[in-house]
Amino acid sequence: MKRIIVRKDSYYDSVFLMLINQGVKDADGVTEAVVAMGTDMNRDLLKDMSLSNADVESATANDLIIALDGASEEALDNAEKTVDTLLKKKSSGNQQLFRPTSLSAAIEVVPGANLALLSIPGRYVAREARKALENGLHVMIFSDNVPLEDEIRLKKLARDKGLLLMGPDCGTAIINGKPLAFANVVKHGTIGIVAASGSGLQELTCCIDKAGGGVSQAIGTGGRDVRREVGGVTMLMGIEALGADPGTAVISIISKPPAESVVDAAIEALRQTGKPAVVHFIGARRREDEGCIRFAPSLEDAAHIAVELTGDAAHSAADFSLPESDIDTIVQAESEAIGRRQRYLRGLFAGGTLAEEALFVLQPTLGTIYSNVHPDQNCRLEDPTVSREHTIIDLGDDTFTEGRPHPMIDVSIRTGQLEKELQNGEMALLLLDFVLGYGAHGDPAGAMADAIRAARSAAHDAGGYLPVIASVTGTDRDPQNLTLQRQKLEDAGCVVMPSNAQAARLAARIMEKVG
Amino acid sequence: MGINRINELFAAELKVVNLGLEEFATSVQREGADAVQVDWKPPAGGDQRIVSLLDRVESNPELQRDRANDEAVERLMKGKPTLVDIGIASDVVPGMHRTLVLHSGPPVSWERMAGPVRGAVIGGLIYEGLAGDAAEAEELAASGDIEYAPCHHHDAVGPMAGIMTAGMPVWIVKNETFGNAAYCTLNEGLGKVLRYGANSREVIERLKWMETVLAPILKAGLQLHGPIDMKNLIAQVLQMGDEGHNRNRAGTSLLIRELAPYLVMLDRDRSEVSEVLKFMHTNDHFFLNLTMPSCKAAIDAARDIEGSSMIVAMARNGTEFGIRVSGLGDLWFTGPASKVDGLYLPGFSEQDAARDVGDSVITETGGIGGFAMAAAPAIVKFVGGTPQDALNFTRRMYDITLRENDTYQIPALDFRGTPTGIDLFKIIETGVLPAINTGIAHKDPGVGMVGAGLVKPPVSCFHDAFQAYAERYGVQP
């Protein structure tokens, strides 16, 4: 079976065409292939091979001839496709040295590009995100300061196109096992996540990893997605996609309390998937389980329930991983030397959601806690840099990050605040979070260790004692290495707990003990 | 709602385009996925007014800009410029007459003309016998009796000063696909030549020899040979180290190779034929005056396409740099001509340089010249660069063009097609300006070429053109 194509006025270099010939001849079911310009010599050659026709005979040196002989139509179709691919083959060399200047140019450089990750200034985001969506790319927007109306418009466009739009202000995602922006290197598995919280998602994925489970996909939505105006577009699309994803057996949703309409829609969407699911709305009252949907009281519990649902490990409802007797020993040891003037808990957090989680865990024990992330206006800190009684500060607040990197990167924001906390000697306990993973500081524990030691010895010099309770969100495969980071903190005198929730619970026990 | 596209993503290999923090691309790469870092800059240099205009135009649902641009660039690439003949300007160039002087670039009055252009006008008037000497010619030039017009308004292009007068012989390049034609004078060689503003006796004598010996012999030889497919020839020269603007050594050689067998058959004095061959041989740029009308003939077929933002002319008159856009008709958008960044011939320096001048930037507009720099690594020495720079010049131009040429290819880029069809929008968006190779004329009339190098066009003409486009095609806010 023969196929002869003549393309008028398509000039290619003969050496280039020889290489193409080789590539086509190697294709299955092709017995003969000639891709050549219509020169006198080539036309004679084709005639001798009985691969000529009237078109070939009238071809010129400027016309490209593709002459194929093969076993079937299908084989010839494939061979023709191969020729076209090879003719269009683009340079692969030296690309690393040379960068495209626009999204559309980048798409040319990386054929098959499927996700645009945007961390450019917020006011330029809408345009680039729109272009990415129009080009069929999924989008993750790390940037903040994107106007709400832009978010609404972009999400509508994304939904119309069936494309994922994560963010704006989406700090974390894991797609196909690859960490995007601030993300940890966790085991691959069958738990699919949709999260409207960056540090919450990091804590959840790391707790899953620690509990022996693995993550299929972790989709970030950006915090505003679950507001009524946006309507949870990304969350709902994410749930549906995870429902259809053969690699996902269990779905987990975490978010600050969404708008009621979004809660209802999300739960309905989860039900539609038919997959077991676990939900945690940070700071909201825990709901009753409904059918295959379970509600978790903390990020760590959400992780453990998800792992349990995959059948890998049973979830324990206990407050601590350690036996209660061990916890009692720690509480005793950490509380007995606290001075009488030391009265208040101070939590200095790099992760916003982690600060909130600590707040909600501690509130029943401590009563009023002041915080810059408190949902109750009456408990808001007037000045986020000035603590009042029991205080939990999210150091990622704009007040701290104006013109500076996020505290996950710039450790000095926290060491500076810690010095302030030491000044009047009323701090009874210091609660800290450490977030590892890509994007974060290369050695957050090491960079904080001296400040922790100094704070503890200052308390000691004043005749008291400062317990420092910490948790580390990370894994051993993160660039910083979880074990090493924990070790550095323990060496500095910290009690390092396996999760943020457990750290907060331990802090509550100690504070309870000292009254 | 087509969630399966998200599931397609889950099933595919992740390939990330990263705009912003480079670290994010690095971490994706470190975990074994593809990521390309975009050298992103705020569009239009962060000019919010222009950015909002961009958004406005792009959100006009009625405007079929992509389709219009497809049509424009396809017409540009489908064109088949063919060298068919040599004629006398007044006989063949539309609207040409005895007191009309064509010049390069956008329109310019005698008063505002740059030194080399004035010098060439003076030479042209002497050549035509309209003035006896330079003083007389200057008086006539300023008298108002002489009409000036851009070559571009008469289907023509001219290198440097680009002066064309009625009696000059011109190449006739026909676009076989669309039937239009373009015209260009024959190249005079280097040194003291009219196009660099020289107008001394030897310059005029050479022009006369070209009219009476060179042109008739080449015309007769060409008739014996038959039409020459310029597209094919240009495709070949790009694979031989030329880029068709600042380097034309291979093209000139190929032209000689094409014509020589026929020239020797002519019933002309052998010494004259030899002189003709020698003249071409000693002038590496002889072929430039063929690449230029070839590009012009091809691009003119892409003019006046409603909605297209493809640039269909870039040209300089020594005073201003101007562009025309397919969807904006005959309008020129101009900015001050730039200084050329280049190397100078012995005895000259930047102080001697005239500003950027000439229609030869039609080659870049057509997808060769500076855009095909990667094909001609030898010329980066003009700017003290490396062959890698040459590759990068071309690579950068893909960011502002619509297509990869289907015929003109670059061996060093794995035979990738040259970046073709400059899109005004992409220039605005990326802030990348067209890379233009050029010669440098002395600022005073009559001196000639003093160097060569690279030139950046003024960004204002692109902004102005974009604004006009937005006014014409944008939706109201």
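The values are calculated or read from the model by the stated rules, or taken from the named source; none is laboratory data. Values in this document were obtained by computation on a predicted structure and should not be read as measured data. We place every Cβ from the backbone using ideal geometry, glycine too, and count neighbours over all the protein chains shown.
Among what's in segment A:135-153 and is within 19 Å of B:PRO42 (Cα to Cα) and not β-branched (Val, Ile, Thr), pick the residue that is surrounded by the fewest Cβ atoms within 10 Å (Cβ to Cβ). It comes out as A:ASN145.
If you go through segment B:373-405 and keep only what is under 17 Å from B:GLY439 (Cβ atoms), among the small types (Gly, Ala, Ser) and within 18 Å of the chain's Cα centre (by Cα), you end up with just B:ALA376. Every condition in (1) facing chain A (nearest Cβ under 10 Å); (2) surrounded by fewer than 19 Cβ atoms within 10 Å (Cβ to Cβ); (3) touching a helix residue (DSSP H, G or I) at 6+ places or on another chain (Cβ under 8 Å) holds for B:SER59 except the one numbered (3). Checked against (1) surrounded by fewer than 16 Cβ atoms within 10 Å (Cβ to Cβ); (2) facing chain A (nearest Cβ under 8 Å), B:SER52 meets all criteria but (2). On the given criteria, is A:ALA454 over 24 Å from A:PHE142 (Cβ atoms) and buried (at least 21 other Cβ atoms within 10 Å of the Cβ)? Taking the combined requirement at face value, the residue does not satisfy it.
Yes/no per residue for (1) outside any loop (DSSP other than H, G, I, E, B); (2) surrounded by 13 or more Cβ atoms within 10 Å (Cβ to Cβ):
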position	(1), (2)
A:ARG285	no, no
A:ALA303	yes, yes
A:THR329	yes, no
A:LEU359	yes, yes
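Just one of B:LEU254, B:LEU224 is touching a Phe, Trp or Tyr at 6+ places or on another chain (Cβ under 6 Å), over 29 Å from B:ILE126 (Cα atoms) and either at pLDDT 95 or above or among the β-branched types (Val, Ile, Thr) (or both); which is it? Quick ask: steps written out before the conclusion?
Working: B:LEU254 fails: touching a Phe, Trp or Tyr at 6+ places or on another chain (Cβ under 6 Å).
Only one candidate passes the filter, namely B:LEU224.
If I filter segment A:158-179 for residues that are surrounded by fewer than 22 Cβ atoms within 10 Å (Cβ to Cβ), within 13 Å of chain B (Cβ to nearest Cβ) and assigned to a strand (DSSP E or B), do I get at least one hit? Looking through segment A:158-179, none of the residues is surrounded by fewer than 22 Cβ atoms within 10 Å (Cβ to Cβ), within 13 Å of chain B (Cβ to nearest Cβ) and assigned to a strand (DSSP E or B).
May I ask you to list the residues in segment A:29-45 that are closer than 30 Å to B:MET230 by Cα and either modelled with pLDDT of 90 or more or assigned to a loop (DSSP other than H, G, I, E, B) (or both)? Once the filter is applied, which keeps residues that are closer than 30 Å to B:MET230 by Cα and either modelled with pLDDT of 90 or more or assigned to a loop (DSSP other than H, G, I, E, B) (or both), segment A:29-45 yields A:GLY38, A:THR39.
Considering only residues in segment A:122-133 that are at the interface with chain B (Cβ under 9 Å from one of its Cβ atoms) and more than 15 Å from B:ASN18 (Cβ to Cβ), the one that is surrounded by the fewest Cβ atoms within 10 Å (Cβ to Cβ) turns out to be A:ARG123.
For segment A:443-463, the count of residues that are among the hydrophobic types (A, V, I, L, M, F, W, C), over 28 Å from A:GLN342 (Cα atoms) and not assigned by TED's automatic domain parsing to the domain that holds A:ILE208 is zero. Candidates are the residues of segment B:427-443 that are touching a strand residue (DSSP E or B) at 6+ places or on another chain (Cβ under 7 Å) and not small (Gly, Ala, Ser); the one that is farthest from the other protein chains (Cβ to nearest Cβ) is B:HIS442.
Here B:PRO81, B:PRO94 are screened, and the one residue that is of a type outside the set (A, V, I, L, M, F, W, C), within 14 Å of another protein chain (Cβ to nearest Cβ) and touching a helix residue (DSSP H, G or I) at 6+ places or on another chain (Cβ under 7 Å) is B:PRO81. Looking at segment A:91-121 only, could you name the residues that are outside any loop (DSSP other than H, G, I, E, B), farther than 21 Å from A:LEU157 by Cβ and either modelled with pLDDT of 85 or more or within 7 Å of chain B (Cβ to nearest Cβ) (or both)? Passing the criteria: A:ALA105, A:GLU108, A:VAL109.
Out of B:VAL264, B:VAL237, B:VAL193, which single residue is modelled with pLDDT of 95 or more and surrounded by 16 or more Cβ atoms within 10 Å (Cβ to Cβ)? Break it down into steps so the answer makes sense when it comes.
Numbers: B:VAL264 fails: surrounded by 16 or more Cβ atoms within 10 Å (Cβ to Cβ); B:VAL193 fails: modelled with pLDDT of 95 or more.
Of B:VAL264, B:VAL237, B:VAL193, the one residue that is modelled with pLDDT of 95 or more and surrounded by 16 or more Cβ atoms within 10 Å (Cβ to Cβ) is B:VAL237.
Restricting attention to segment A:408-438, the residues that are crowded, with 24+ Cβ neighbours inside 10 Å and of a type in the set (Phe, Trp, Tyr) total 1.
Considering segment A:254-276, and only residues there that are outside any helix (DSSP H, G or I) and under 17 Å from A:ALA302 (Cβ atoms), the residue that is nearest to the other protein chains (Cβ to nearest Cβ) turns out to be A:LYS275. Of all residues in segment B:399-412, exactly one satisfies the criterion of being surrounded by 22 or more Cβ atoms within 10 Å (Cβ to Cβ), facing chain A (nearest Cβ under 8 Å) and in contact with a helix residue (DSSP H, G or I) (Cβ under 6 Å, 6 or more places away or on another chain), namely B:ASP399. Examine segment A:412-423 for a residue that is within 24 Å of A:ARG340 (Cα to Cα) and free of Cβ contacts under 8 Å to residues at least 12 places away in the same chain, and state whether such a residue exists. There is at least one residue in segment A:412-423 that is within 24 Å of A:ARG340 (Cα to Cα) and free of Cβ contacts under 8 Å to residues at least 12 places away in the same chain.
Residues being within 21 Å of A:MET408 (Cα to Cα) and more than 12 Å from every other protein chain (Cβ to nearest Cβ): count how many of those fall in segment A:219-253. Write out each step before concluding.
At the first step, the residues of segment A:219-253 found to be within 21 Å of A:MET408 (Cα to Cα) are A:219-223.
After this cut, where a residue has to be more than 12 Å from every other protein chain (Cβ to nearest Cβ) as well, the list is A:220-223.
Count: 4.
Taking segment B:14-40 as the range and being more than 7 Å from chain A (Cβ to nearest Cβ) and out of contact with any Lys or Arg (no Cβ under 8 Å at 6 or more places or on another chain) as the test, the residues that pass are B:GLU22, B:ALA25, B:THR26, B:GLN29, B:ARG30.
Per-residue answers, yes or no, for (1) buried (at least 20 other Cβ atoms within 10 Å of the Cβ); (2) polar (S, T, N, Q); (3) at pLDDT below 95; (4) not assigned by TED's automatic domain parsing to the domain that holds A:LYS210:
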position	(1), (2), (3), (4)
A:ALA249	no, no, no, no
A:ILE253	yes, no, no, no
A:SER261	no, yes, yes, no
A:PHE281	yes, no, yes, no
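On the stretch given as segment A:24-52, residues that are exposed (fewer than 15 other Cβ atoms within 10 Å of the Cβ) and over 56 Å from the mean Cα position of the chain (by Cα) total 7. Apart from one condition, A:LEU466 fits all of (1) more than 16 Å from A:GLN342 (Cα to Cα); (2) outside any helix (DSSP H, G or I); the exception is (1).
Counting only strands (runs of 3 or more DSSP E) that sit wholly inside segment B:318-366, those with at least 1 residues that are in contact with a His (Cβ under 9 Å, 6 or more places away or on another chain) and in contact (Cβ under 8 Å) with a residue 40 or more places away in the chain are B:320-325, B:333-336. Would you be able to say whether some residue in segment A:201-210 is of a type outside the set (A, V, I, L, M) and within 10 Å of the chain's Cα centre (by Cα)? Among the residues of segment A:201-210, at least one is of a type outside the set (A, V, I, L, M) and within 10 Å of the chain's Cα centre (by Cα), which makes the answer yes. Listed conditions (1) under 32 Å from the mean Cα position of the chain (by Cα); (2) within 12 Å of chain A (Cβ to nearest Cβ); (3) not basic (Lys, Arg) are all met by B:PRO116, apart from (2).
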